[in-house]
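Any read-out appearing in this document is the output of simple, stated calculations on the displayed coordinates, not a laboratory observation. Note that this is a predicted model, so its numbers are computed, not measured. When we count neighbours, we look across all protein chains shown, and the Cβ atoms used for this are built from the backbone with ideal geometry, even at glycine.
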Amino acid sequence: MTRILSTKKLKANQKQFLLNAGFSVVEADFIRVTRLPFQLYGVAENVIITSQNAVKALAEHPEVQDVRRKPVFCVGHKTADLLDENGFTVQEIAESAQELAEIIVADYANETFTFFSGNIRRNELPLALLESEIELNEIEVYETEPTPLKVGEFDGILFFSPSAVQSYLSENKITTETCFCIGNTTAKALQNVTKNIIIANQPSVENTIIQAINYYKQLP
C-alpha cells in the first residue's frame, strides 16, 4: 500500500480522495498560523493579498468594511473564492506572487497598494513594485511558526508551503520519497534536497492530491 504524508491536516473529503485511491494517509500540521492584532491605518486605494490566511485575518477585523470596497489583487483562485465569500472585490487574480507583480507593474503602475501579509513571505512582489517605484505599504496580519515532528518513512509527501518544507526538513530527511508541491515556490524550497518533485497544475490542495493519485496510478 502506498504511504502518503500530508504536512497539513486535510479536510475530510480531501483525505477521502486519497483513501479511495487505496493510499495509507498520515496527516500532521508542520506549521501553526496565528492571527496578529493589527490596525487598518493608511490602507491604500488597492489591496494585495497572497494567501487565504491573510483573508481570514482581515475578514475578522472589526473595521474591515472600508477595505471590502477596495479592489483586491490576489494570488490563487482559492484565495479569490474566499475573498468573494467574505464580501471583498477581486480586481485581479494571478497564479503566483511574481505573476501578480508583473500584472501590477504593467497595468497599474500609477496606483497605490497595501499588502496584507504574514511574518514569513517571499520578497519577489514587494521588490518588483519597489523597483518600479510603485507606492506600497505592508500590514502584517498573521504569523507562521514551525511545528516540526519526527516521522517515519513514506512513499510520497504532500507539501503546501515553503514554511512546511523547512519545518519538515528540520527533523527529517528526504531520500527516495516523491514530493508533491502546491506550487513553484514550495517546490523551490525542496530543490536542493531532492529531484523527486511534482508540482500541482493549479495551486490548490485538491490538485496537489490529484497529482499524487495520478502519479502512483501510472506506476507498474
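In terms of other Cβ atoms within 10 Å, 167, 96 run from fewest to most in the order 96, 167.
The distance linking the range 131-194 with the range 82-129 is 21 Å (Cα centroid to Cα centroid, whole angstrom).
Counting each DSSP H run of 4 or more residues in the chain as -39500 (n - 2.57), what helix-only mean residue ellipticity at 222 nm follows after dividing by all residues, to the nearest 500 deg cm²/dmol? Don't jump to the answer; show the numbers that get you there.
Values: 9 runs with 76 residues, N = 220.
Theoretical 222 nm ellipticity from helices: -9500 deg cm²/dmol.
Here the range 34-142 was treated as a single set of alpha-carbon atoms; its pair distances binned every 10 Å from 0 give 15, 54, 29, 1 percent. Counting charges near residue 211 (Lys, Arg +1; Asp, Glu -1) among other residues having Cβ under 15 Å from its Cβ returns a value of -2.
Roughly how many debye, to the nearest 20, is the charge dipole of the chain about its Cα centre, given +1 on each Lys and Arg Cβ, -1 on each Asp and Glu Cβ, and no other charges?
In total the dipole reaches around 1120 debye.
By the count of other C-beta atoms within 10 Å, a proxy for reagent exposure, 83, 169 are ordered fewest to most as 169, 83.
In the elastic network of the chain, a GNM with C-alpha springs shorter than 10 Å, the most mobile of 148, 62, 126 is 62.
How much of the pair distance distribution for the chain lies past 32 Å, counting alpha-carbon pairs only, in percent?
23
Taking other C-beta atoms within 10 angstrom as a stand-in for reagent exposure, 154, 180, 38 fall in the order 38, 154, 180, fewest first.
Stretch residue 9-residue 215 to full length: gain in nm at 0.36 nm per residue minus the Cα-Cα span? Mind dumping the intermediate values first?
Details: separation 206, 0.36 × 206 = 74.16 nm, distance 2.14 nm.
Gain on extension, residue 9 to residue 215, equals 72.0 nm.
Model label points for residue 188 and residue 65, set 7 angstrom from Cα along the Cα-to-Cβ axis, are 4.0 nm apart.
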